[in-house]
Each structure stands twice: as C-alpha cells, then as structure tokens.
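The block underneath contains the structure these notes are about, expressed in structure tokens.
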Amino acid sequence: MKVILGITGSIAAYKSLELIRLLKKNGNEVRVILTASATRFVTPLSCQTLSEEEVYTEQFLLTKGIKHLSFAEWGDILVIAPATANIIAKASGGIGDDLLSTTVISFPKPILFVPAMDAEMWNNKIVQRNVKSLKELGYFILEPTTGALASGKIGRGRFPPVERIYKKILAVSSNYPSLKGKRILITGGRTEEDIDPVRVLTNRASGLLAKELYEASVCRDAEAKLIMGENNVQLSEDTDLIRVRTSKEMLYYLKDSLFWCDILIMAAAVGDYIPKEKRGEKIHSPSFKLELMRNPDLLATIRKEKGKKIFVGFSLEDKDALKRAREKIKLKDLDFIVMNPSSAIGSANIEASILKKSGKIINLGSMSKWELANRILDECLSISLSD
C-alpha cells in the first residue's frame, strides 16, 4: 500500500514518526508532507530517515512537476495525522493554500483525518461542524481519545494509539462497511480457577482475537466493550474494559452488560471444568487428587436473555468439529459459530470456518486474527441488515 502521510503542527506530531515506522515495518511505502508549522515539532530529516523517501514541505518546486497532482496519482490513501483544527477547517471549506491542503482537494482516493487538539478546541461548535461536514462528504475520521492532554488537563482530544491508527488505515483501505450505531460486547482472554492460594486451572488462550475484535469494531465506528480475562496482549489505554479472572466473575459482568449490546461475541476461552473445592492453604503433599466438576456454559446460561441480539460463539475442536458445533448452536441459541482447531490458541494466524444457524458452512481458510475479526463483524452486519 502507498500511503501519503500529512503531518500538521500539533504537539502530537512526534507520534507520527512511530506511525511511519509501523507502516514501513508492515511493508508499506510512505511519503510525508510536512506543513510549515509541523516542522517546528518534527524535522524533515527524521521523517526522511524513517520513510526512506523524500519529504515534501513546499507546494511549488521546479522539479518533478506539480506535487499535489503527483501525489494524487501515486498514493492509495492520504492520512493526515495529527490533523489540527486548522487543516480540518481548510478541508471542510475547500481551501488550498499549501501543499497539504491542495493535495486534499486533488486526491481522488480515501482520505483519513486523525484529529488531535485540546478538549476545548475539539468540543468547539465550529470544529464539530467542520468534522461533521467532512464525514458527510465521505472523508474518514478517527476521533481522538480521552486522556491527559498537552495542557495538563484530562479530556477528549488525545491522539489515538498509533496501532489503532494503523488498523483504521487497514479498515479504510479494505473498504470495510461501517458499523456505526452498533453496540458490540466482546469477551476474551482465559479464565482461571483456583486450586489453592497459589495454583490455578487455566488454558493457553492469549486474548489476541478479542483485542482484534475490539479494535476492528472501534475502527469501523461501532461502540464496543470488552470483558477480558487473563491475557498476553497489550490493550490500548482507552479500551472500554472490564477485567475479570474467574468464570464466575465473567458471568456476573456478562449479565450486567448484556442489556447494553446489540451483538455479543463470546471469544473468551472459559474453562470447561473447575476444581470441586479450593484448598484454603497451599498444597504441600508430594501427590494429591484433584477432583473437577463441569463448569456451567456461560452462553447457555444467558440464552433466555438473548431477545433480538446477535449471539456469536466459538468451537475449538480437533475431532468431530462439525457435529459439536451444531450441538453448540442449538444449545446456546447462536446465530453462528466460528470453528477452529486447538492450534489456533496463542498463534497470530488462524484457520477457521463459520457455521451459520441455517446450516450453511463458510470455509475461511488461513488468515490473520485481524482478518478473522473483520470477517466475523461482516457476518454480524449481514445478519442485522437481513432482520
């Protein structure tokens, strides 16, 4: 993918250097446009070193033709990150008085704005009007997050995590349909059940798919919440997150949050068994007998509260996968179930199939968990549109 990155004069401009690095790491070509005010925060040399390309700061150069028209031919997507209130106003009003703003006007492919500014500026009625105007014109906006700002205040206006910006770029370039208006509740990670004060019964689930489901939902304009067990992933600091450890805790918060959602995606690896009793002290004997009992299935427990919600489950099996998946769809009243082998646990890629309530099987083949997350969301959207 060929990415044109426009950097404007915000204190968050230095974070765009990390975005360049991440884009390059994943095999993309990057060309950078710096506005005059952006050069006060980052240098052309820094951008050139990381992008391995010439950096552009002036509109009219006597070499290689008219720059903004050349960009329109070369790039696949234009990303303005950070986007100040100034560039948002220019774009909304059709003003082209420097290289970046004229490139916005002439660029015929997707354009993504990633605003970053103080909360008072972001909440200003004029800025919000301009943002709304850009959305209505078909431009993409990754809205700022809430957190500590350059002013020292806490509020909305913070530059989103670089990894999320990258995922938003992927979502826009892949032309994934918007999920605006949808509320998606996701469970993920693994549960732990106490054997004694220091030992637990658990599994090797990493929580990566749940993270990708959350990020994909946000990048596609949905509201998302994540109930997360123990995991091996780093979540964005602004993740709408409930942390749990045991299956009992997960069930409690699942019931507590279910009213809120339109879609429930149960990606957590909840233990099938729990110790029959927890020892009050650490076990010291050279051998001991651990007696287990079946753990109630969480989805089956809440199925009566489903209503018109979309329920998505998972079936991790190495034998009789289709038979077991069909049983689970019926038992849990699922709209569809994602089938995958045990080798998927902890891995970056996954081989999966979808079994729909109708009995139709969709073989997805091998893909990244980001791609699977979006395929699951596409299926949820398809079901919601058909109702």
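The values are calculated or read from the model by the stated rules, or taken from the named source; none is laboratory data. Since this is a predicted model, take the numbers as computed values, not measurements. Glycine also receives a Cβ, built like all others from the backbone with ideal geometry; neighbour counts cover every protein chain displayed.
Restricting attention to the range 193-252, which residues are among the acidic types (D, E), surrounded by fewer than 18 Cβ atoms within 10 Å (Cβ to Cβ) and within 19 Å of R156 (Cβ to Cβ)? Listed by number, the residues that qualify are E223, E237, D238, D240. Of the residues screened, I274 is not one that is touching a strand residue (DSSP E or B) at 6+ places or on another chain (Cβ under 7 Å), in contact (Cβ under 8 Å) with a residue 60 or more places away in the chain and either among the small types (G, A, S) or closer than 17 Å to L334 by Cα (or both). Looking for something without any contact (Cβ under 8 Å) to a residue 24 or more places away in the chain and touching a Pro at 6+ places or on another chain (Cβ under 7 Å) - is there at least one such residue anywhere in the range 361-382? Within the range 361-382 (the criterion being without any contact (Cβ under 8 Å) to a residue 24 or more places away in the chain and touching a Pro at 6+ places or on another chain (Cβ under 7 Å)), the answer is no, since none of the residues qualifies.
Taken over the range 311-327, residues that are buried (at least 20 other Cβ atoms within 10 Å of the Cβ) and either of a type in the set (K, R) or not in a strand (DSSP E or B) (or both) amount to 1. Listed by position, the helices (runs of 4 or more DSSP H) contained in the range 91-163 that have at least 1 residues being farther than 16 Å from S10 by Cα and touching a strand residue (DSSP E or B) at 6+ places or on another chain (Cβ under 9 Å) are 99-106, 125-136.
Every residue in the range 263-294 that is in contact with an Asp or Glu (Cβ under 6 Å, 6 or more places away or on another chain) and part of a loop (DSSP other than H, G, I, E, B), please. Listed by number, the residues that qualify are G271, K276, K278, R279, K282, I283. For the range 200-222, a residue qualifies if it is farther than 17 Å from V270 by Cα and either in contact with a strand residue (DSSP E or B) (Cβ under 8 Å, 6 or more places away or on another chain) or among the charged types (D, E, K, R) (or both), and the qualifying residues are E212, L213, Y214, E215, S217, V218, R220, D221, A222. In the set G94, G65, only one residue is at pLDDT 95 or above and not acidic (D, E); that residue is G94. Considering the conditions (1) more than 11 Å from the chain's Cα centre (by Cα); (2) part of a strand (DSSP E or B), A224 is excluded by exactly one of them, (1). Within the range 146-193, being under 29 Å from V312 (Cβ atoms) and modelled with pLDDT under 95 holds for one residue alone: T146.
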